[in-house]
Amino acid sequence: MSLSKELKVKHPDNKFIFLPTLIVFVVSLILIYFFDLETSFIVISTLITLLVLVAIFHVYRSIIQEIQFQDYRNQAMLNIHSLVKPTHPLPYLTGWAAFPELISVILSEVLRNEPKHILEIGSGSSTIITSYVLRDLGQGQITSLDHSEFYGNKTIKDLELHNLSKFASIHFTPLVNQEIDGNKFNWYDISKVQLGDKKIDLLVVDGPPEKTQKHARYPALPVFYEHLSDHAVIILDDAARSEEKEIVEKWLKKYPEFTHEYIPTEKGISVLKRNHITSKENLA
């Protein structure tokens, strides 16, 4: 990613950056004229001023953004705790686990659309919390894929602890080399996952890890496209990353019946919703 994209400086900050820099430039010219200083003085002093001011505003904007992200997270935690009354402590929502913002978005879609079948790529805290909501709704089932046998087994034990096993099935699906859309991917082996006639109403994509390969999460939509219901919703985590943005662009180009909403959390969340008309009608 280029330096210009990394900088948090915004357009309104420019007047506080370039005006002082201009003043330093003029003052340097005056000093050179009256005190016979070297011309390099004007270049060095102006450049140092510019860099210092840019750095100050970058830090300032970064702090403001972090406070905003924390506000989102706090609000998401409030949403979760207002909707879910666990019988045991919930898993931690930090580190590799799903962040509260993602779970809050998932719960919103579950409550809004009451999906009968959720397919989740990457099991864990989201599986437990979503299962609580399905229990309260009295319907719905989660099929969860995990390439890690360790984390998959942990989720199974957590489901048993919370007495939620009947709402979610965890499948160990190791990453294997396969060809998808004409490209080679190291992706989940779903050969033993029996979806049958069950349509996917909500597809949550939170795996595999980015380090697996470029566009590692792209296969999710092509692989499960034929299993999606007419009103399917797709939620993609880590959507602030450049590769995930490219994945969304590829999905929308290949499947134009989907609309896209980006939620600017710390990690970014993309929500794709299928229009009421079917894909075959849209692509005809």
* To do: Filter the trypsin sites (Lys or Arg not before Pro) in the stretch 133-218 to those in DSSP coil with at most 10 other Cβ atoms within 10 Å of their Cβ, and list the result.
  => Lys192
* Using θ = phi - 60° and Karplus 6.51 cos²θ - 1.76 cosθ + 1.60, couplings along the stretch 52-61 (whole Hz; Gly, Pro as x) -> 5, 5, 4, 5, 4, 6, 4, 5, 4, 5
* Candidate lysines - alpha carbon under 22 Å from Lys15, same-chain residues fewer than 8 apart omitted -> Lys5
* Structure fact -> If unit charges are put on Cβ atoms (+1 for Lys and Arg, -1 for Asp and Glu) and the dipole of the chain is taken about its Cα centre, the option from Thr212, Ile103, Phe35 lying farthest towards the positive end turns out to be Ile103
* To do: Kindly rank 52-59, 141-148 from highest to lowest mean number of other beta carbons found within 10 Å of each residue.
  => 141-148, 52-59
* If r is the Cβ-Cβ distance from Tyr262 to Leu161 and R0 is 41 Å, what FRET efficiency results, to the nearest 0.05? -> 0.70
* Inter-probe distance in nm under a simple model that places probes 7 Å from Cα toward Cβ, at Ile44 and Ile23 -> 2.3 nm
* Express in nm, to one decimal, how much length is gained between Lys254 and His58 on full extension, taking 0.36 nm for each residue of separation and deducting their alpha carbon distance. => 66.8 nm
* To do: Can you tell me the order of 108-117, 64-73 when each peptide is scored by its average per-residue count of other Cβ atoms within 10 angstrom, highest first?
  => 108-117, 64-73
* Asked: Which aspartates and glutamates, on any chain, are close to Lys154 with Cα under 16 Å apart, when same-chain ones fewer than 8 places away are left out?
  -> Glu120, Asp146
* Per-residue HN-Hα couplings for the stretch 207-215, Karplus 6.51 cos²θ - 1.76 cosθ + 1.60 at θ = phi - 60°, whole Hz, x for Gly and Pro? -> x, x, x, 4, 5, 4, 4, 5, 6
* Eligible lysines near Lys273 by straight Cα distance, threshold 18 Å, same-chain separation 8 or greater -> Lys116, Lys199, Lys245, Lys250, Lys253, Lys254
* How large is the Kirkwood hydrodynamic radius of the chain, in angstrom, based on all distinct alpha carbon pairs? -> 21.7 Å
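Each value in this text was obtained by applying a stated rule to the coordinates, not by laboratory testing. Note that the structure is a prediction, hence the values are computed from the model and not measured. Every residue, glycine as well, gets a Cβ built from its backbone with ideal geometry; the counts of neighbours run over all protein chains shown.
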